[in-house]
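Values in this text are rule-based calculations from the coordinates and carry no lab data. As the structure is a computational prediction, the values presented were derived from the model and not from experiment. Note that each Cβ is placed from the backbone with ideal geometry, even for glycine, and that neighbours are counted across all protein chains shown.
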Amino acid sequence: MMVPMVIELILSQAGKKKSKASVTSKGVIFSGGVMGTVPLLLKLKKTSLPKLSDVVGKNIRTNNESLLLVTSTDKNPKDYSKGIAIGSILHTDKNSHLEPVRYGEGSSFSKALTMPTIHNKFALFRLLGIIGLFIKHPTRFFKTIFSKKYAQRTTILLFMQTLDSTLQIKLGKLTKMKTVKESGAKPSAFIPDAMALGKQVAEKVKGIPYANFTDAMLGTPTTAHILGGAVMAKDASKGVIDKHNKVFGYQNMLVCDGSMISANPGVNPSLSITAITEHAMSKIEPKKA
């Protein structure tokens, strides 16, 4: 039987003060992704949902990813912007996959967020390495930076691994969130296998491997598929939701997004998230006429 649930909301409109309001619902589904659902659950655990599992915010995974961008400087390159976003996958070993990704023709602004990437532990040596690239390949360097058709000339290499390591998200005092290492190797912006593949592709198209500037300068990894934080498990001591996505400790409350995933799939997780969500929806009683 569906039990009515009262939710307190903070409403804010432009030019008006925040006000509180209550909404009565037969159920609640959290589906804001890891960056939306997990911080919200952490806040609610301190206020209106104290029975939430202590595992909220734990078991965060990055899919062990590396994102590299390679811009061709060939005189007559292929147009990499045409076609579906991801049309192929390369299995480089039993733990790793590489997907060439396309950006649409109007995506050239993303160039402003990248810089050449060098694999080194120390930021100073990474900076010196970039200077070395400029000295070694000045023509390529300028052509990749000032390319008039950046999206058409650029392919994105999405490297992913099933190797497991986890982080924990906590509510920060000065920032909205902070992450701490939980288990396994700390996620890195510099995965040797990914860098090697990036260099191979760059040589083929006469380019230079680039990465998000925070990866290149700060060494902080970027992921397109952050997962976990409200994972599925047998009981509340190991996870936040059960096998039907129902939140432990509460009725008519579900989590249906990437925060429920409890492992690195090593590939794009969107279809897995969709399939698990459809299964959860099939367990909800149909509305009576």
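See the values below:
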item: Largest-first principal axis extents, alpha carbons of region 33-168, Å; result: 62, 39, 33
item: Degrees, to the nearest 10: 192-205 long Cα axis against longest axis of the chain; result: 50
item: Positive minus negative residues near L271 (Lys, Arg vs Asp, Glu; Cβ under 14 Å); result: -3
item: Proximal aspartates and glutamates to K148, defined as alpha-carbon separation beneath 20 angstrom and excluding residues fewer than eight positions away on the same chain; result: D74, D79, E105
item: Overall Cα dimensions of region 90-232 - principal axes, largest extent first, Å; result: 48, 35, 30
item: Once the Cα gyration tensor of region 107-155 is diagonalised, semi-axes √(5λ) in Å; result: 22, 13, 7
item: Proximal charge balance of K204 [Cβ under 14 Å; K/R count +1, D/E count -1]; result: +3
item: Kirkwood Rh (inverse of mean 1/r, distinct Cα pairs), region 185-240, angstrom; result: 14.0
item: Counted charge near A224, where neighbours are those whose Cβ lies closer than 12 Å (Asp, Glu -1; Lys, Arg +1); result: -2
item: Point-to-point label distance, S183-L163, nm (Cα→Cβ direction, 7 Å offset); result: 1.7
item: Charged-residue dipole, Cβ positions (Lys, Arg, Asp, Glu), region 39-91 about Cα centre, Debye nearest 20; result: 360
item: Using alpha-carbon coordinates, inclination of helix 270-282 to the longest axis of the chain, degrees; result: 10
item: Entries in K58/K176; K51/K173; K46/K176; K26/K287; K143/K204 that, when Cα-Cα distance is taken, lie over 18 Å; result: K51/K173
item: Net charge dipole size for region 54-207 [Lys, Arg +1 and Asp, Glu -1 on Cβ; Debye, nearest 20]; result: 560
item: Long-range tail of P(r) for the chain (Cα pairs > 26 Å, %); result: 53
